[in-house]
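Reading through the structure tokens given below for one structure.
Each value in this text was obtained by applying a stated rule to the coordinates, not by laboratory testing. Fair warning: this is a prediction, and the values are worked out from it, not measured in the lab. FYI the Cβ positions are ideal-geometry reconstructions off the backbone, even for glycines, and counts take in every protein chain you see.
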Amino acid sequence: MANRKLPFGYCLRNGQVQEEEQEAELVRLIFRRYADGASYGKLAEELNAAGCSYAPGRPWDKNMVARILQDGRYLGSAKYPRLLSTELFHQAQSARPDVSGRLECPEIKDIRVLARCAQCGEPMRRMRKNYWYCSNCMDSPSKIKDEALILCVEQLLRSLREHPETISPAPAAESENEAVQAAQDRLTHELEQAEFDEAVAKAQAVALASARFNTLGSGDYETMRLRYLLNGAEPGGGLDTALLRQVAAAVLIHPSGAVSLKLRNGQTLENPAE
């Protein structure tokens with residue numbers, strides 16, 4: 001296999017290092033795509049599919065992509081002509097993974113546990129800072145800054161604290177409503193009889209109460225529980241992660257970067273600021 005003597009994107013003409021146009025355009029594409037959230041592996045797949053090899057007989061792999069993204073020679077020097085703008089180079093560098101093991105915002109730890117794809121409901125993976133990816137249905141990751149994500153969730157919780165009445169159970173099934181209406185009709189009919197039978201009327205009233213009780217499901221219980229929790233929640237500054245864990249089943253992240261909150265009663269709330 002042949003090895004490259006010059007960085008990808010350059011060629012030697014008349015004894016001078018010059019831009020190789022086709023390769024240089026791919027270099028710029030790699031930096032743009034990575035800045036937009038594409039992974040090393042995804043870029044290697046795309047480049048191999050495009051039919052332009054890294055070197056004769058050498059298909060692209062993740063290490064080759066990584067070397068290009070870390071190569072400062074593309075900014076230009078006395079020997080190498082400039083292929084990239086400073087802005088694009090730094091955009092790609094800022095998108096590199098944080099390998100320090102620290103999260104800038106501790107609240108992200110709680111959001112990571114609850115993060116789900118708004119399209120399919122599968123868990124979202126935090127690829128690197130500000131990028132979230134669903135391997136089940138997304139071709140490219142959603143981009144949302146940590147600070148913006150935390151603020152969205154905080155706004156949703158604040159809206160719930162201020163208006164807990166907006167939490168509502170799922171509507172009863174049509175068959176359940178019919179059972180309640182039938183019991184109500186029987187009680188009404190008995191009460192309208194000329195010769196009122198108290199024992200029968202009481203039995204019909206109990207039957208109506210039973211029918212109404214049977215329409216209550218786990219969603220109704222969760223709705224009452226959530227309202228109780230939110231009525232007792234103390235307003236404070238920042239994201240209340242303890243309350244978030246109590247009321248939320250999932251933090252839904254959309255491909256656009258928008259955020260919704262799925263409550264434990266099955267109800268989904270959109271961000272009030274959007």
Notebook entry, point to check: If the chain between K5 and A66 were fully stretched, how many nm would it gain, using 0.36 nm times the residue separation less the Cα-Cα distance?
Noted result: 20.2 nm
Note to self: Compute, for region 1-53, the length of the dipole vector about the Cα centre, with Cβ point charges of +1 (Lys, Arg) and -1 (Asp, Glu) only. Units Debye, rounded to 20.
What the structure shows: 160 debye
Checklist line | Amide proton proximity set for E122, modelled H, under 5 Å, gap of 5+ | finding: C117
Note to self: Going through the cross-link list K143/K262; K42/K109; K5/K129; K42/K79, which pairs have a Cα-Cα distance over 29 Å in this structure?
What the structure shows: K5/K129; K42/K79
Notebook entry, point to check: Roughly how many nanometres apart are two label points built 7 Å out from the Cα toward the Cβ at D36 and Q193?
Noted result: 7.5 nm
Notebook entry, point to check: Give me the Kirkwood hydrodynamic radius of the chain in Å, from all C-alpha pairs, to one decimal place?
Noted result: 23.6 Å
Next item on the list: For Y10, enumerate residues with amide H under 5 Å from its amide H, sequence gap 5+ or separate chain, H modeled in the peptide plane.
Entry: E20
Item checked: Of C134, L69, C117, farthest towards positive along the dipole that unit charges on Lys, Arg, Asp, Glu beta carbons give the chain -> L69
Checklist line | Under Karplus coefficients 6.51, -1.76 and 1.60, residue-wise ³J(HN,Hα) of region 106-122 in Hz, glycine/proline x | finding: x, 4, 4, 4, 6, 5, 4, 5, 9, 5, 9, 6, 5, 8, 10, x, 6
Note to self: Applying a 10 Å radius around every beta-carbon, put 50-58, 159-167 in order of their mean neighbour count, most first.
What the structure shows: 159-167, 50-58
Next item on the list: Run the dipole for the chain about the Cα centre, Lys and Arg Cβ at +1, Asp and Glu Cβ at -1, nothing else charged, and hand back the magnitude in debye, nearest 20.
Entry: 2360 debye
Next item on the list: Amide H neighbours of M127 under 5 Å, at least 5 residues apart or on other chains, H built in the peptide plane: list them.
Entry: W132, Y133
Notebook entry, point to check: To the nearest 20 debye, what charge dipole does region 42-164 have about its Cα centre, counting +1 at the Cβ of each Lys and Arg and -1 at the Cβ of each Asp and Glu?
Noted result: 380 debye
Margin query: Whole-Hz ³J(HN,Hα) for each residue in region 147-154, computed from phi via Karplus 6.51 cos²θ - 1.76 cosθ + 1.60 with θ = phi - 60°, x for glycine and proline: what do you get?
Written below: 4, 5, 5, 4, 5, 4, 5, 4
